[in-house]
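The values are calculated or read from the model by the stated rules, or taken from the named source; none is laboratory data. Bear in mind the structure is a predicted one, so any value in this text is a computation, not a measurement. Cβ placement follows ideal geometry from the backbone for every residue including glycine, while neighbour counts extend to all protein chains displayed. All accessible areas refer to the heavy atoms of the entire protein, side chains included, with ligands and DNA or RNA removed. Shrake-Rupley method; radii C 1.70, N 1.55, O 1.52, S 1.80 Å.
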There are 2 protein chains.
Amino acid sequence: MQDEMVLSVEAAERNGLLEKIRRLVLGGDFPPGAVLPEAFLAQEFEVSRTPVREALKQLQNEGLVEIRPKVGTFVREPTRREIIELFQVKESLEGLAVSLLARRGATAELSALRLNLEDSEAAVLTNDSEAYARLVHEFHWTIVRGSDNLKLVEHYERLMNQLAYQRLVLRTVEHPGRLAASTREHRAVLEMIEHKDPFGAETAMRNHVHASSREALTDPVQSLRN
Amino acid sequence: MQDEMVLSVEAAERNGLLEKIRRLVLGGDFPPGAVLPEAFLAQEFEVSRTPVREALKQLQNEGLVEIRPKVGTFVREPTRREIIELFQVKESLEGLAVSLLARRGATAELSALRLNLEDSEAAVLTNDSEAYARLVHEFHWTIVRGSDNLKLVEHYERLMNQLAYQRLVLRTVEHPGRLAASTREHRAVLEMIEHKDPFGAETAMRNHVHASSREALTDPVQSLRN
DNA sequence: GACGCGCTTCTTGCATGCAACATAGGCTGT
DNA sequence: ACAGCCTATGTTGCATGCAAGAAGCGCGTC
């Protein structure tokens, strides 16, 4: 199992190209709807069109780009409805993850979460949005990885890519009061884990994700108006 | 949203190849571990190696095959641990689906489920394993589609492909008494949906999936011994 | 007889060329 | 002036050719 992860990482680095293009799309270097010609990417990364094509097909499968046959490849932005749907799935998967983690009582992840919470509270006090966004990301990923369920991790990763999560978080994090509320919710989750209460942890986590999704969706951003 | 589904279906039929190869792998025509040369598939489906390659990469991404660079492509069978992990995710996703469906109170899906249950009980009485396997499949898919959450449907489809579910169900279905128990659990789920009780429905569904996973895993099949 | 080395063969990985199609812009006819 | 067509161009889709690496097999040597 561990071997597979190493292998897949190695494979990813060998390909590399997929990750590079994905970061290009997720990073917002290209505006949504922009055309993404194979020939350009091929030249950009100094490979031929063939591996670029393969990578783009994967990205289409993930829902990040749309390949219109004989027309072109376009950066795809999730619709508002898709974001709602994805958050529902996120809630479910993270609920499962934290429930499994609470059942395991894994000490390594627990201490990581405690440290994370301390840092988060410090970031709230100094109003450091950027650091907080990073810490939130880390908190959720620590829990998912802590579930010790690789398939869950894989599906979660796919989900987060589809959500283009980074872009969303960077906005919601700037809502007044949200940082403090979010941290309180994190603390509630952590306490449930410490109490080895899988059900309570799952409930707390789902409440948290639900709250965070409402924040993300009430964000009056033009690009989410479709 | 509906358009996208149509588009993706059309795209799938245009490609077709991916589905064909997937069925080949899932159908068990090739034993797990068997080599699956690009050249052979290319000749078999009368296309060149390029589209075959693209399809195989997708299947690798789904976890159905393993491409060992410069060596070959092999049919991959989920390990026992992976099956456990996948069932945990399945439990979570189907729980979400049924909860959403119960909240919607969709009448079309409800009547489909009622009919399904009647047919299932008839299949139990006549001990028609094959029909029952099909009905179970239909029951779960009706619920997932009834969630009216396309992203959930997509992730679920991916999950089921990874599980090679058909192969598993055809075995567990032959456990004595399992058919009747499974049908009772289905009825419990349906009743919760009819009562518009999302939480109760989710709980019932998760119990059902959990029970079914225990059945699948206690099945003494050689191929699951790894 | 056993071990080690090299070659042969099979596989994938990638580059390139050509064909098919969609789209946009201009041109012509009314 | 406007509508319709037609062509030019850009894009993807696919086939093919070649290179590189891995694994198995046979041969030679100890």
>> Take the residues in segment B:44-60 that are without any contact (Cβ under 8 Å) to a residue 24 or more places away in the chain and among the polar types (S, T, N, Q); name whichever of them is farthest from the other protein chains (Cβ to nearest Cβ).
In response: B:SER48
> Within segment A:61-81, how many residues turn out to be within 10 Å of chain B (Cβ to nearest Cβ) and free of Cβ contacts under 8 Å to residues at least 12 places away in the same chain?
Replying inline: 6
> If we keep just the residues of segment B:83-115 that are among the polar types (S, T, N, Q) and open to solvent by less than 40 Å² (accessible area, probe 1.4 Å), which is farthest from B:HIS208 (Cα to Cα)?
Replying inline: B:SER99
> Which number in (1) within 16 Å of DNA strand C (Cβ to nearest atom); (2) open to solvent by 10 Å² or more (accessible area, probe 1.4 Å) marks the one condition that A:ILE21 misses?
Replying inline: (2)
>> I need the full set of residues from segment A:60-77 which are within 21 Å of the chain's Cα centre (by Cα) and near DNA strand D (Cβ under 7 Å from one of its atoms), in order please.
In response: none
> Within segment B:61-82, how many residues are away from DNA strand C (no atom under 12 Å from the Cβ) and either surrounded by fewer than 20 Cβ atoms within 10 Å (Cβ to Cβ) or not hydrophobic (A, V, I, L, M, F, W, C) (or both)?
Replying inline: 10
> Does A:VAL136 satisfy the criteria of being at pLDDT 95 or above, part of a helix (DSSP H, G or I) and buried (at least 18 other Cβ atoms within 10 Å of the Cβ)?
Replying inline: no
> Of the residues that make up segment B:206-224, is at least one touching a Gly at 6+ places or on another chain (Cβ under 9 Å), farther than 18 Å from B:GLU82 by Cβ and at pLDDT 95 or above?
Replying inline: yes
> Here are some residues: A:GLU94, A:GLU109, A:GLU54. Which one is acidic (Asp, Glu), within 16 Å of DNA strand C (Cβ to nearest atom) and over 23 Å from B:ARG145 (Cβ atoms)?
Replying inline: A:GLU54
>> I need the full set of residues from segment B:139-152 which are surrounded by fewer than 20 Cβ atoms within 10 Å (Cβ to Cβ), within 12 Å of another protein chain (Cβ to nearest Cβ) and free of Cβ contacts under 8 Å to residues at least 60 places away in the same chain, in order please.
In response: B:ASP148
> Applying the selection to segment B:34-55, what residues are within 15 Å of B:ARG22 (Cα to Cα) and within 13 Å of DNA strand D (Cβ to nearest atom)?
Replying inline: B:VAL35, B:PRO37, B:GLU38, B:LEU41, B:ALA42, B:GLU44, B:PHE45, B:PRO51, B:VAL52, B:ARG53, B:GLU54, B:ALA55
> In segment A:31-59, which residues are at pLDDT 95 or above, open to solvent by 50 Å² or more (accessible area, probe 1.4 Å) and under 25 Å from the mean Cα position of the chain (by Cα)?
Replying inline: A:ARG53
